[in-house]
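Colleague: Sending over a structure as structure tokens; questions will come in a sec.
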Amino acid sequence: MNLCDIKTIKQIMAMFSLNFRKEFGQNFLTNPMVVEDIADNCCQDASGTILEIGPGIGSLTRELAERYENVVALEIDHGLIPVLKYTLGDYRNVTVINEDVMKANLSEILAPYFAKGTVSVCANLPYYITTPILMKLLESGLPFEYITIMIQSEVADRLCAIPGGKDCGAITAVLNYYGQPEKLFKVSAGNFIPAPKVDSSVVRIRLHQEKPCHPLDEATLFRTIRAAFEQRRKTLPNALSAVFGELTKGEITEIIAACGHSVDIRGEKLGIEEFTALSDGLWTKIQEKKA
Ligand code: SAM
């Protein structure tokens, strides 16, 4: 059964009386070479486990099951569960779970697999919820080896932007704290059914085993990054003042200067180490004022 063949996909959907559900971002891959490329490149450990988010009718899932020891696939759409039983019935190493990844207890689900070896994530993500899913995976603290995701090309460019460069956003800075992103290849909209309005790209993130910096308080680091990018037209003292209401603009300006930056610098120019030093200064001052 070729699960990338458009006629086969349509037949399967009709057989189970299903329609492509826009609200779940259902754009299924129709190019077997793309599916194989993603499966080949998402992980280097054939003895490891892959967490797939959104298996759809199981095209990528089958290729993953051929290459890796175990595959755990979370699918939100209960209508697709009987389809996956049908298309993946021959694969004893696949576990399908009917769950919303945003609500799933990933640490509980994956504990037996982490106990056995490495776990990586591989997914053709639904566009409507790309960033929240990525943030959930990163913030989970689970020691994934790689996270490989197919996402909208524009978002991929942002994730992989050079810190301090023009395409850089808050998500770029936060992602650099957790891992090293790399754009693998672009996939044009014609490779999906139904075809989305925009092209996609595959991004592979290698999670840092050791973080590049150690902030005194992670929440303050992320708050600092968000503040800098939310108000990116403002200078850094103004952008931070808008968010750190517990500090005066004078105190913030002093902290920025103590970090060696001019007061008219824009936050988007900072790298993750510089954000960490700044957030440490802000956090320390906030603690001093609380004491
Ligand atoms: N993997 C298939 C492929 O590449 O052809 C389907 C990818 S499709 C872009 C996204 C899939 O994610 C759909 O099957 C959709 O039902 C599922 N999905 C959407 N939101 C989800 C969520 N919150 N949790 C788990 N699965 C989700």
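Colleague: Where only protein heavy atoms count, and the probe is 1.4 Å, what is the accessible area per residue for the range 109-198 in Å²?
Modeller: 41
Colleague: Another one. Please work out the Cα center distance from the range 213-291 to the range 16-79, rounded to the nearest Å.
Modeller: First find each Cα centre; the distance between them is then 41 Å.
Colleague: Taking a temperature of 20 °C and a viscosity of 1.002 mPa s, what whole-number D in µm²/s does Stokes-Einstein yield for the range 1-146 with Rh from Kirkwood over alpha carbon pairs?
Modeller: Answer, rounded: 139 µm²/s.
Colleague: Next question. When the Karplus curve 6.51 cos²θ - 1.76 cosθ + 1.60 is applied with θ = phi - 60°, which whole-Hz ³J(HN,Hα) does each residue of the range 74-87 get, with x for Gly and Pro?
Modeller: These are the phi-based 3J(HN,Hα) values: 9, 10, 6, 7, 5, x, 8, 5, x, 5, 5, 4, 6, 7 Hz.
Colleague: Also, quick follow-up: When we measure straight from the Cα of Lys290, which lysines land under 25 angstrom away, once same-chain ones fewer than 8 places off are left out?
Modeller: Qualifying lysines at Cα under 25 Å: Lys249.
Colleague: Still on this structure, I have one more. Out of the chymotrypsin sites (Phe, Trp or Tyr not before Pro) in the range 194-264, which ones are loop residues according to DSSP with at most 14 other C-beta atoms within 10 Å?
Modeller: Qualifying residues, ordered by number: none.
Colleague: Quick one: which residues, 5+ away or cross-chain, put their amide H under 5 Å from the amide H of Ala73? H built at 1.01 Å from N.
Modeller: Amide H neighbours of Ala73: Glu52, Thr95, Val96, Ile97.
Colleague: Right, another one. I want the local charge near His214. Using Cβ-Cβ distances under 11 Å, sum +1 for each Lys or Arg and -1 for each Asp or Glu among the other residues.
Modeller: In short, -4.
Colleague: Next question, about the same structure. What accessible area per residue, rounded to a whole number of Å², is obtained for the range 23-103 using a probe radius of 1.4 Å?
Modeller: Here the per-residue accessible area is 41 Å².
Colleague: Could you work out the equivalent-ellipsoid semi-axes for the chain, taking the square root of 5 times each eigenvalue of the Cα gyration tensor, largest first, in whole Å?
Modeller: Sorted largest first and rounded, they come to 41, 20, 16 Å.
Colleague: Let me ask another. Over the chain, with a Gaussian network built from C-alpha contacts below 10 Å, which listed residue (Ile57, Ile225, Ile133) shows the highest mean-square fluctuation?
Modeller: Highest fluctuation among the options: Ile133.
Colleague: Right, here's the next one. Return the loop-located trypsin sites (Lys or Arg not before Pro) in the range 1-91 (DSSP other than H, G, I, E, B) with at most 14 other Cβ atoms within 10 Å of their own Cβ; answer none if there are none.
Modeller: When the trypsin sites (Lys or Arg not before Pro) of the range 1-91 are filtered for loop state and at most 14 Cβ neighbours within 10 Å, Arg21 remain.
Colleague: If the viscosity is 0.890 mPa s and the temperature 25 °C, what translational diffusion coefficient in µm²/s does Stokes-Einstein give for the range 39-105 when Rh comes from Kirkwood over Cα pairs?
Modeller: The estimated diffusion coefficient comes to 207 µm²/s.
Colleague: Another question about this same structure. Quick one: with all protein chains in place, what share of the accessible area of the range 122-265 is carbon or sulfur, to the nearest percent (1.4 Å probe)?
Modeller: Answer for the range 122-265 is 50 percent, counting heavy atoms of protein chains only.
Colleague: Cα axis of helix 130-139 to longest principal axis of the chain: angle in degrees, 0 to 90, nearest 10?
Modeller: On a 0 to 90 degree scale, this one is about 70.
Colleague: Efficiency by 1/(1 + (r/R0)^6): what FRET value for Lys211 and Ser262, r their Cβ-Cβ distance, R0 = 25 Å, to the nearest 0.05?
Modeller: In this case the efficiency is close to 0.35.
Colleague: Here's a follow-up. Among the lysines in the range 6-207, how many pairs, 8 or more places apart or on different chains, have alpha carbons under 16 Å apart?
Modeller: Number of lysine pairs found: 4.
Colleague: To the nearest 10 degrees, how steeply does helix 106-116 sit against the main Cα axis of the chain, on a 0 to 90 scale?
Modeller: Tilt of helix 106-116: around 70 degrees.
Colleague: I need the phi-derived Karplus couplings for the range 123-128: 6.51 cos²θ - 1.76 cosθ + 1.60, θ = phi - 60°, integer Hz, Gly and Pro marked x.
Modeller: Along the range 123-128, the couplings run 7, 8, 6, x, 4, 5 Hz.
Colleague: Short version: ³J(HN,Hα) in whole Hz for each residue of the range 42-57, in order, from phi by Karplus 6.51 cos²θ - 1.76 cosθ + 1.60 (θ = phi - 60°), x for Gly and Pro, what are they?
Modeller: For the range 42-57, the Karplus curve yields 7, 6, 10, 10, 5, 8, x, 9, 10, 8, 9, 9, x, x, x, 9 Hz.
Colleague: Mean-square fluctuation check for the chain, GNM, Cα pairs under 10 Å: which of Thr118, Thr172, Thr61 is largest?
Modeller: Of Thr118, Thr172, Thr61, the Gaussian network model singles out Thr118 as fluctuating most.
Colleague: Here is a further query. Would you work out what percent of the accessible area of the range 1-111, with all protein chains in place, is carbon or sulfur (probe 1.4 Å)?
Modeller: The value for the range 1-111 is 47 percent carbon and sulfur by accessible area.
Colleague: Also: How high is the relative contact order of the chain? Use alpha-carbon pairs under 8 Å, at least six apart in sequence, and give a whole percent.
Modeller: Result for the chain is 15 percent.
Colleague: Once you've got the GNM for the chain with C-alpha springs shorter than 10 Å, pick whichever of Ala156, Ala39, Ala14 has the biggest mean-square fluctuation.
Modeller: Result: Ala14 has the largest fluctuation of those listed.
Colleague: Modelled label-to-label distance, Arg232 and Ile6, 7 Å Cα→beta-carbon offset: nm?
Modeller: Using points 7 Å along Cα→Cβ, the separation is 3.7 nm.
Colleague: Give the shape of the range 218-290 as rounded, prolate or oblate, defined through the alpha-carbon gyration tensor: a ≥ b ≥ c are the square roots of its eigenvalues, a/c under 1.5 means rounded, and otherwise the shape is prolate if a/b is larger than b/c and oblate if not.
Modeller: Cα axes put the range 218-290 in the rounded bin.
The values are calculated or read from the model by the stated rules, or taken from the named source; none is laboratory data. Source: prediction; values computed, not measured. Positions of Cβ are generated from backbone atoms using ideal geometry, with glycine treated the same way; all protein chains shown enter the neighbour counts. Areas reflect the complete protein model, heavy atoms only, side chains present, ligands, DNA and RNA absent. Shrake-Rupley method; radii C 1.70, N 1.55, O 1.52, S 1.80 Å.
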